[in-house]
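Laboratory data are not the source of any read-out in this text; all were calculated from the coordinates shown. All values reported here derive from a predicted model rather than from experimental measurement. Because the Cβ atoms are built from the backbone with ideal geometry, glycine has one as well, and the counts that use them run over all protein chains shown.
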Amino acid sequence: MKIAVAGKGGVGKTLVSGTLARLLGREGIRVLAVDADPTPTLAATLGIPSDVADKIIPLTENDELVKERTGMDPKVYGQMFKLNPHVADLADKFGIAGPDNVTLLVAGTVTIGGSGCMCPAGALLKALIRYLIVGMDEAFVMDLEAGIENLGRGTSKGMDALLVVVEPSQTSINTVGRIMKLAHDIGVDTVFAIANKVMDETDKEVIETTLNELNIPLLTVIPFDKAIRQANIEGIAPLDFAADSPAINAIQGLIPELRRHLSL
Ligand SMILES: Nc1ncnc2c1ncn2[C@@H]1O[C@H](COP(=O)(O)OP(=O)(O)O)[C@@H](O)[C@H]1O
Ligand SMILES: [Mg+2]
């Protein structure tokens, strides 16, 4: 199962990707959780202690690594660099083992405008994502920044699904259309929506109306859940704080839905 999770900032991408990764891991599957957010927070949701997480350097910010693999010093402009850097060992070398069979890889991000960033860190990230999708047989769940700009054309083919998390707010709902278009542009056809922070039937209807217009199947409705907020306040992974809370149960329910839709 190779999945990326996108959506507007704050909608619950990290909650969904981190918890989904761990629940898959609990089934005995080895899972790689990839944090591609410029402000990485997936470690906390995965239950990796903050003193460990604080020491992680995102791959794209590891200048020495970028230089070693692309042959170019990220700080010096105008050099030639390898577009196909060696990346197959990165998950093993830089992955952090967390609970439930999940390994975290903090990939970092690069700001890419439209056609893609022609910088060495961008080349490394692209090659890594391509390798994870095509060359690796473990499950992986990728927590993306607000958009999906990091997934260039050709990088994402072979990904099983893009999950777009939506909350009942107009800005979040408007983002769905934009993400849908980007997904289409880069050749990702399987897009599913997940509604999150849903308080009542009206919330659900607002989201459903838009999704129907865009023709995106809604896989799961995750309720607004005080336990998730509380976990956040106390700095405990939601799955460790309230394993049986309504939101966690909804994310658990996502797994059979995904399997059914993807025939996995
Ligand atoms: N279902 C929910 N119920 C209550 N709070 C939630 C829920 N989902 C997410 N949150 C809270 O919303 C905030 C943003 O969630 P997060 O997963 O970090 O979003 P993103 O990764 O999309 O920025 C966090 O404080 C989180 O605890
Ligand atoms: Mg996040």
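Please give the contour-minus-distance gain from Glu68 to Asp185: 0.36 nm per residue of separation, less the Cα-Cα distance, rounded to one decimal in nm.
39.0 nm
With both partners inside the range 2-262, how many of the DSSP beta bridges are antiparallel, as a percent to the nearest 5?
Bridges in the range 2-262 are about 5 percent antiparallel.
Separation of the range 2-25 and the range 231-264 by C-alpha centroid, Å?
Distance between centres, Cα-based: 9 Å.
Determine the gain in length on full extension of the stretch Ile233-Met199; use 0.36 nm per residue of separation and subtract their C-alpha separation, reporting nm with one decimal.
Here the answer is 10.2 nm.
In what sequence do Thr202, Thr41, Thr103 fall when counting other Cβ within 10 Å, fewest first?
Neighbour counts put them in this order, fewest first: Thr202, Thr41, Thr103.
What does the helix-only formula give at 222 nm for the chain: each DSSP H stretch with n ≥ 4 adding -39500 (n - 2.57), the total divided by the residues, and the result rounded to the nearest 500 deg cm²/dmol?
-12500 deg cm²/dmol
Using Cβ contacts closer than 10 Å as the measure, can you line up Ile56, Ile3 from fewest to most?
Ascending Cβ contact count within 10 Å gives the list Ile56, Ile3.
How far is helix 170-185 tilted off the main Cα axis of the chain, in degrees rounded to 10, range 0 to 90?
Compared with the principal axis, the helix lies near 50 degrees.
Once you place label points 7 Å from the Cα toward the Cβ at His86 and Glu27, how far apart are they in nm?
3.5
Let me see the pair-distance distribution of the chain: every alpha carbon pair, 10 Å bin width, integer percents in order.
P(r) over the chain, rounded to whole percents: 7, 32, 36, 20, 5, 0.
What do you get for Rg/Rh of the range 164-217 when both radii come from the Cα atoms and Rh is the Kirkwood radius?
Rounded to two decimals, Rg/Rh equals 0.97.
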